[in-house]
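Note sheet for the following structure.
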Amino acid sequence: VQLQASGGGLVQAGGSLTLSCAASGRTFSGSAMGWFRQAPGKEREFVAAISWGGGSKTYADSVKGRFTISRDNAKNTAYLQMNSLKPEDAAVYYCAARKTSWYSQSDTLYDYWGQGTQVTVSS
């Protein structure tokens, strides 16, 4: 049971990045997925989440309208499309999965975590 996050990098403010989270095994089946981030010296915070079927999504207010979460269950992969990036979006981004099909904004309710991918936004 593993989650592999990728796609981070250095981007200028206003730019875009797409993060991917590839899941192995039965992690993805029936699982809601979430993205969280943690900047240096700050607590981990919720970014976005999506239900198992993909029909329901939720976003943090700080990213609403700029980020889009999606998933391809056939590929066992979740995505986070990030547009109009700001310096305050810089952080290590983590993907997470729940054992249930419904998402949560609370990181304590996620059962599996990826290793994180660094996003750096230059001003």
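The values are calculated or read from the model by the stated rules, or taken from the named source; none is laboratory data. This one's a predicted model, so the numbers in the text were calculated from it and none came from an experiment. As a convention, Cβ positions derive from the backbone with ideal geometry for all residues, glycine included, and neighbour counts pool all protein chains shown. In case anyone asks, the SASA skips ligands and DNA or RNA and just uses the protein heavy atoms, side chains included. Shrake-Rupley method; radii C 1.70, N 1.55, O 1.52, S 1.80 Å.
Please go through region 89-123 and pick out each residue that is among the acidic types (Asp, Glu) and within 19 Å of Gly7 (Cβ to Cβ). Even if it seems obvious, please write down each step before you answer.
Of the residues in region 89-123, the ones among the acidic types (Asp, Glu) are 89, 107, 111.
Matches in region 89-123: Asp89 only.
Look through Ala97, Ala5, Ala13, Ala32 and report the one residue that is surrounded by 13 or more Cβ atoms within 10 Å (Cβ to Cβ), in contact (Cβ under 8 Å) with a residue 60 or more places away in the chain, among the aliphatic types (A, V, I, L, M) and touching a Cys at 6+ places or on another chain (Cβ under 6 Å).
Just a single option satisfies the conditions, and that option is Ala5.
When you check Lys64 against the structure, is it open to solvent by 50 Å² or more (accessible area, probe 1.4 Å) and closer than 14 Å to Tyr94 by Cβ, yes or no? Quick ask: steps written out before the conclusion?
Working: open to solvent by 50 Å² or more (accessible area, probe 1.4 Å): yes; closer than 14 Å to Tyr94 by Cβ: no.
Taking the combined requirement at face value, the residue does not satisfy it.
In region 35-53, what residues are of a type in the set (Lys, Arg) and either open to solvent by 50 Å² or more (accessible area, probe 1.4 Å) or part of a loop (DSSP other than H, G, I, E, B) (or both)? Reasoning before the result, please.
The first filter runs over region 35-53 and keeps only residues of a type in the set (Lys, Arg), leaving 37, 42, 44.
Selection gives Lys42, Arg44.
If I go through region 60-78 residue by residue, how many of them are in contact (Cβ under 8 Å) with a residue 12 or more places away in the chain and on the phi > 0 side of the Ramachandran plot?
Within region 60-78, residues that are in contact (Cβ under 8 Å) with a residue 12 or more places away in the chain and on the phi > 0 side of the Ramachandran plot number 1.
For Leu10, are the conditions met, namely being within 18 Å of Val121 (Cα to Cα), touching a Leu at 6+ places or on another chain (Cβ under 6 Å) and in a strand (DSSP E or B)? Show your work before the answer.
Details: within 18 Å of Val121 (Cα to Cα): yes; touching a Leu at 6+ places or on another chain (Cβ under 6 Å): no; in a strand (DSSP E or B): yes.
No; evaluated as a whole, the condition is false for this residue.
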